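The values are calculated or read from the model by the stated rules, or taken from the named source; none is laboratory data. Source: prediction; values computed, not measured. Counting neighbours? That spans all protein chains shown, and the Cβs are built from the backbone with ideal geometry, glycine included. Remember, those area values only see protein heavy atoms, side chains included, never the ligands or the DNA or RNA. Shrake-Rupley method; radii C 1.70, N 1.55, O 1.52, S 1.80 Å.
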Amino acid sequence: MARKRIVTARINGCEQSFLCEPRQTLLEVLRDELGMTGTKEGCSNGNCGACTVALNGRPVVSCLVLAVECDGTEIQTVEGLADKERLAPLQQCFLEQAALQCGICTPGFLVSASCLLKENAEPTEEEIRFYLAGNLCRCTGYDKIVKAVQAAAAAD
Amino acid sequence: MPELPVAWKPQAENVVFGKEVSRIDGVDKATGFAKYSADINTPGTLHGKLLQSPYAHARIKAIDVEAARKVPGVKAVYVFPDRAPRTNEETGEPIYFEIEHEGQPIAAVAAETSGQADDGLRAIKVVYEPLEFFVDEFHLPRAVELGRARPIRAAQQGDLEGAFKAAAHTITGMYGIQTISHMCLEPHGSHCEFTDGDHLTAHLSTQNVSGTPGQFASPLGLDAAKVHVSCDYMGGGFGSKFAADEWDIACAAMARDAQRPVKLMLDRATELNIPGSRPSAFAEITVAADADGKLVAWDSHHWGTSGPQGGTVAPTVMPYVFEPKNRRTRATGIVTNRGPDRAWRAPNHPQACALTQTAIDDLAAAIGVDPYDLFLKNLDLTWSATSRNPADKDIYAAELEIAAKLMDWKAKWHPRGEAGDGPVKTGLGLALHTWGGAAGRGTCTVAIHPDGTVETFSGTQDLGTGTRTALAVILAESFGLPYEKIKVHIGSSKYPMSGPSGGSTTIGGVSGPHRRAALKALGRIYDLVAAKHSVDAGTLTAANEQILSAGKPVCTWAEACSLLGPMKVEFQGEGPANDGLTSAQVGGVQMAEVAVDVETGVTKVVRYVAVQDIGTIVCREQAKSQVLGAMIMTIAYALSEERIMDNATGRFVNADLQHYKLPRIGDIGELIVEFYEPESQYKKGVIGLGEPPVISGGAAISNAVANAVGQRIPVLPLTPKRILDSLRS
């Protein structure tokens with residue numbers, strides 16, 4: 001087994017150092033080493049988007065990012081979207097618009113959508129659908145997710 | 001006072017029941033705090049992984065797992081029952097396990113890290129004797145030749161020959177719908193941990209919390225009372241998660257061997273392959289109508305496969321909903337070496353609908369009439385009219401009218417193939433469906449504390465549908481409380497038994513017992529308040545966190561509950577019961593508008609309308625979400641989703657989410673959901689909704705594509721290749 005490496009990253013605003021094997025993905029480290037299970041494993045080959053996190057502000061599928069690549073980076077996960085006791089407007093809109101059912105895809109959609117709204121505060125419906133095309137949902141129907149993102153954009 | 005009458009409140013008096021509310025577990029799901037089975041990481045949890053057969057059909061001649069036990073980090077190795085060769089005690093002959101499909105589990109390993117578990121699997125030596133396999137579920141003649149075809153049933157009624165002879169219009173066609181997987185976004189699996197020596201806690205992703213402890217206990221030789229199954233949250237099941245599966249037993253066995261917790265969740269390829277599929281169905285159909293467009297005769301032979309069991313779609317649902325008086329139905333199951341089937345949302349119905357109502361649409365096209373009119377004309381032949389009790393034909397007629405308005409059907413419809421000269425052709429299609437949705441078994445304990453706190457305990461589960469929220473709404477409406485204040489405890493086998501969530505039985509199964517328990521509690525509280533405040537108990541109601549007499553406040557809810565005494569009081573609810581709280585049998589109509597590019601074969605659903613009756617609505621927003629979710633699953637199996645088996649290797653070649661094509665957020669057109677809900681529906685009682693909206697959309701979309709391109713594309717999903725191949729043939 002290759003020697004473990006020390007990686008230091010700012011995760012949800014807090015600088016953290018962790019030990020990881022070179023083969024471990026960011027997803028594995030978040031879930032198994034740091035206990036941050038809000039980020040979900042859906043397919044482990046980059047096709048479902050359930051594990052999406054923001055890496056230096058850009059959405060990435062954390063199953064395809066090696067943890068050792070994250071040294072010195074800024075990472076935001078679903079756990080970091082709310083401001084302490086207050087939900088982010090985007091989360092609030094997901095609840096109000098009933099944009100979630102089983103909830104497995106929800107963290108990935110939320111992180112992707114929050115990256116979108118930071119890049120583009122007033123996205124069109126088409127831009128929302130294009131940006132969120134990497135996130136797969138099996139049971140919610142998508143429509144309400146689009147409406148939730150639109151509502152969040154309007155609220156900001 | 002006498003017992004309160006068992007009924008829902010008059011519809012006009014409801015504050016939250018049947019209204020739009022946010023789900024009570026939404027915050028946990030939107031913040032990442034909701035814990036699913038895969039999120040359980042108790043200290044020392046080992047990584048469990050499966051060794052699976054690369055062959056579709058083979059004998060296991062030898063297994064050697066000793067090297068795996070010595071791999072660094074490996075803490076337990078498990079060989080699935082009967083996989084290792086044995087000897088027949090009477091004859092002395094060896095007995096070899098026969099692998100029936102690719103991916104069948106053979107052994108499992110639990111190790112400190114995921115990588116070490118992989119190393120352990122690689123160290124296991126298996127000697128296979130590959131056998132002849134068959135995975136071509138469409139090729140009936142070849143299946144017959146190989147002895148893999150099993151005639152299932154032939155049923156005939158009326159004078160078929162005479163009816164066809166006398167008919168004014170007859171069409172014959174071939175139709176089909178391919179096998180799909182359940183594809184739960186949260187895969188099957190569990191986290192198993194033993195405590196106090198022989199007490200097992202299994203965090204299992206399951207639709208059957210109350211029913212699975214015994215399934216763990218028996219193979220592990222435990223008392224069922226020592227098994228606790230927990231499922232706080234789960235990511236979909238769609239009919240595939242009723243059991244403690246053999247890989248869950250492996251997980252628990254390894255946890256016991258290693259004296260460490262083990263987590264074993266299926267990886268995506270395995271999730272697509274082995275824990276469930278919906279059987280394919282193909283059919284040759286001849287259907288006839290008289291000069292007025294009345295269906296007079298039906299003859300069908302359908303076949304398909306459920307995998308190694310060799311089943312196919314139940315012939316009892318053919319023809320689907322419409323039953324001409326003269327009819328014959330034949331069915332043949334094919335034994336294939338393909339992952340086995342499990343109940344998939346509305347078992348048999350989506351396939352039967354996709355076969356039947358496309359053929360009827362073709363008949364309408366052959367006659368040259370609008371299928372809307374032909375469907376309407378034949379509603380007296382629906383199952384309601386033949387005493388099988390589903391949705392009343394008048395409801396179908398009303399739903400057709402509502403759907404047509406939402407679709408603007410009459411203005412948009414054109415005769416088949418007359419979609420203009422451009423490369424993008426638009427078309428309309430419709431179909432209709434029915435489902436039971438009767439209440440399942442359920443019990444609950446509703447506890448009321450002296451401070452007014454209300455909590456409920458029920459061994460049901462929330463698949464994502466909103467069961468937890470529904471229970472809060474029912475109790476809140478009953479007690480006049482904010483629904484957010486109700487504490488709902490579900491997802492544990494330690495709670496009062498509740499039935500499995502399948503066949504749309506859950507909402508009826510849990511809502512009846514909760515309303516009954518709430519009415520018992522209210523009766524007790526009203527008596528106490530009446531005695532204390534010298535009012536007539538018969539005048540009391542609960543609303544706005546108060547108890548009112550003839551509309552005037554008497555005391556607060558908390559004050560009323562303090563009269564119960566110093567300790568909480570529990571009220572039990574049971575069901576189902578024939579008291580009108582729940583009911584069964586619904587119907588629905590779906591219409592699709594599509595745009596097909598005949599140069600590329602790409603189909604877009606432009607607008608998709610679902611009109612559905614469901615009796616009494618508990619949570620409107622969650623009910624709507626159920627329909628919307630069903631609509632995207634339908635678009636998936638209608639346009640892109642299918643298992644593709646390789647006839648040369650017997651393997652499932654697109655078992656990943658890049659190639660197992662599901663619609664993305666940009667692939668969905670406008671979705672319109674409308675509940676058919678005159679007053680009579682509210683009075684009908686609560687009925688499940690999970691299955692019905694996923695049934696008829698496949699036929700509706702296929703019919704819309706036929707209307708657009710001018711011919712039937714016979715087999716779903718209607719991929720660009722199938723469309724182009726059909727148009728060129």
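Which ones in the range A:42-55 are surrounded by 24 or more Cβ atoms within 10 Å (Cβ to Cβ) and in a loop (DSSP other than H, G, I, E, B)?
Hits for the range A:42-55 are A:Gly42, A:Cys43, A:Cys48, A:Gly49, A:Ala50, A:Cys51.
Regarding the range B:426-449, can at least one residue be identified that is without any contact (Cβ under 8 Å) to a residue 40 or more places away in the chain and surrounded by fewer than 17 Cβ atoms within 10 Å (Cβ to Cβ)?
No, every residue in the range B:426-449 fails to be without any contact (Cβ under 8 Å) to a residue 40 or more places away in the chain and surrounded by fewer than 17 Cβ atoms within 10 Å (Cβ to Cβ).
Tell me which of these B:Arg468 doesn't satisfy, since it passes every other one: (1) in contact with a helix residue (DSSP H, G or I) (Cβ under 7 Å, 6 or more places away or on another chain); (2) within 30 Å of B:Ile525 (Cα to Cα).
It is condition (1) that B:Arg468 fails.
Can you tell me which condition B:Ala699 does not meet? The list is (1) assigned to a helix (DSSP H, G or I); (2) within 14 Å of another protein chain (Cβ to nearest Cβ), and all the others hold.
Among (1) assigned to a helix (DSSP H, G or I); (2) within 14 Å of another protein chain (Cβ to nearest Cβ), the lone unmet condition for B:Ala699 is (2).
Residue by residue through the range A:63-105, note down the ones that are open to solvent by 40 Å² or more (accessible area, probe 1.4 Å) and either at the interface with another protein chain (Cβ under 9 Å from one of its Cβ atoms) or part of a loop (DSSP other than H, G, I, E, B) (or both).
A:Asp71, A:Gly72, A:Glu79, A:Lys84, A:Glu85, A:Gln92, A:Glu96, A:Gln97
Quick check on the range B:110-160: of everything there that is among the polar types (S, T, N, Q) and over 30 Å from B:His47 (Cβ atoms), which residue is least open to solvent (accessible area, probe 1.4 Å)?
B:Gln157
Would it be correct to say that A:Leu55 is among the aliphatic types (A, V, I, L, M) and within 12 Å of chain B (Cβ to nearest Cβ)?
no
Can you tell me how many residues in the range B:50-83 are touching a residue at least 60 places away in the same chain (Cβ under 8 Å) and either farther than 23 Å from B:Glu129 by Cβ or in contact with a helix residue (DSSP H, G or I) (Cβ under 7 Å, 6 or more places away or on another chain) (or both)?
Result for the range B:50-83: 8.
So that you can scan it fast, the table gives a plain yes or no per residue for (1) closer than 18 Å to B:Pro717 by Cα; (2) not β-branched (Val, Ile, Thr):
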| site | (1), (2) |
| --- | --- |
| B:Val605 | yes, no |
| B:Gln612 | no, yes |
| B:Glu621 | no, yes |
| B:Ser625 | no, yes |
| B:Leu628 | no, yes |
| B:Met633 | yes, yes |
| B:Leu639 | yes, yes |
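Name, by its number, the condition in (1) surrounded by fewer than 19 Cβ atoms within 10 Å (Cβ to Cβ); (2) facing chain B (nearest Cβ under 8 Å); (3) touching a residue at least 12 places away in the same chain (Cβ under 8 Å) that does not hold for A:Gly35.
Of the numbered conditions (1) surrounded by fewer than 19 Cβ atoms within 10 Å (Cβ to Cβ); (2) facing chain B (nearest Cβ under 8 Å); (3) touching a residue at least 12 places away in the same chain (Cβ under 8 Å), the odd one out for A:Gly35 is (3).
Taking the range A:111-134 on its own, how many of its residues are at the interface with chain B (Cβ under 7 Å from one of its Cβ atoms) and either small (Gly, Ala, Ser) or within 15 Å of the chain's Cα centre (by Cα) (or both)?
Adding up the residues that qualify gives 2.
Among the candidates B:Ala258, B:Ala243, single out the residue that is in contact with a Ser or Thr (Cβ under 8 Å, 6 or more places away or on another chain) and crowded, with 19+ Cβ neighbours inside 10 Å.
Exactly one residue qualifies, and that residue is B:Ala243.
For the range B:319-353, how many residues are under 23 Å from B:His182 (Cα atoms) and either open to solvent by less than 10 Å² (accessible area, probe 1.4 Å) or among the polar types (S, T, N, Q) (or both)?
14
Give the residue that is farthest from the other protein chains (Cβ to nearest Cβ), with candidates limited to residues of the range A:135-156 that are in contact with a Pro (Cβ under 8 Å, 6 or more places away or on another chain) and surrounded by fewer than 17 Cβ atoms within 10 Å (Cβ to Cβ).
A:Asp156
State whether the residues of the range B:162-169 include one that is surrounded by fewer than 24 Cβ atoms within 10 Å (Cβ to Cβ), under 32 Å from the mean Cα position of the chain (by Cα) and aliphatic (A, V, I, L, M).
Looking for residues that are surrounded by fewer than 24 Cβ atoms within 10 Å (Cβ to Cβ), under 32 Å from the mean Cα position of the chain (by Cα) and aliphatic (A, V, I, L, M), one finds none in the range B:162-169, hence no.
Any idea which of (1) open to solvent by 60 Å² or more (accessible area, probe 1.4 Å); (2) under 23 Å from B:Ala630 (Cα atoms) is the one B:Lys377 doesn't satisfy?
(2)
Test B:Gly32 against the stated conditions and say whether it is within 14 Å of chain A (Cβ to nearest Cβ) and free of Cβ contacts under 8 Å to residues at least 12 places away in the same chain.
The answer is yes for B:Gly32.
Residues being within 12 Å of chain A (Cβ to nearest Cβ) and among the small types (Gly, Ala, Ser): count how many of those fall in the range B:167-195.
2
All but one of (1) of a type outside the set (A, V, I, L, M); (2) assigned by TED's automatic domain parsing to the domain that holds B:Ala58; (3) part of a helix (DSSP H, G or I) hold for B:Glu161; state the number of the condition that does not hold.
(2)
Go through (1) of a type outside the set (Phe, Trp, Tyr); (2) buried (at least 24 other Cβ atoms within 10 Å of the Cβ); (3) more than 9 Å from chain B (Cβ to nearest Cβ); (4) without any contact (Cβ under 8 Å) to a residue 60 or more places away in the chain one by one and return the number of the condition A:Gly108 breaks.
Of everything listed in (1) of a type outside the set (Phe, Trp, Tyr); (2) buried (at least 24 other Cβ atoms within 10 Å of the Cβ); (3) more than 9 Å from chain B (Cβ to nearest Cβ); (4) without any contact (Cβ under 8 Å) to a residue 60 or more places away in the chain, A:Gly108 misses just condition (4).
Based on what the data block shows, is A:Val29 part of a strand (DSSP E or B) and within 12 Å of chain B (Cβ to nearest Cβ)?
Criteria not met by A:Val29.
Give B:Val602, B:Val598, B:Val569, B:Val606 a once-over and let me know the one that is open to solvent by 10 Å² or more (accessible area, probe 1.4 Å), within 30 Å of B:Ala531 (Cβ to Cβ) and not basic (Lys, Arg).
Among B:Val602, B:Val598, B:Val569, B:Val606, only B:Val569 is open to solvent by 10 Å² or more (accessible area, probe 1.4 Å), within 30 Å of B:Ala531 (Cβ to Cβ) and not basic (Lys, Arg).
Of everything in the range A:28-43, what is among the small types (Gly, Ala, Ser) and touching a helix residue (DSSP H, G or I) at 6+ places or on another chain (Cβ under 6 Å)? Give them in sequence order.
Hit for the range A:28-43 is A:Gly38, nothing else.
Given B:Tyr682, B:Tyr676, which one is closer than 19 Å to B:Asp408 by Cα and open to solvent by 10 Å² or more (accessible area, probe 1.4 Å)?
Exactly one residue qualifies, and that residue is B:Tyr676.
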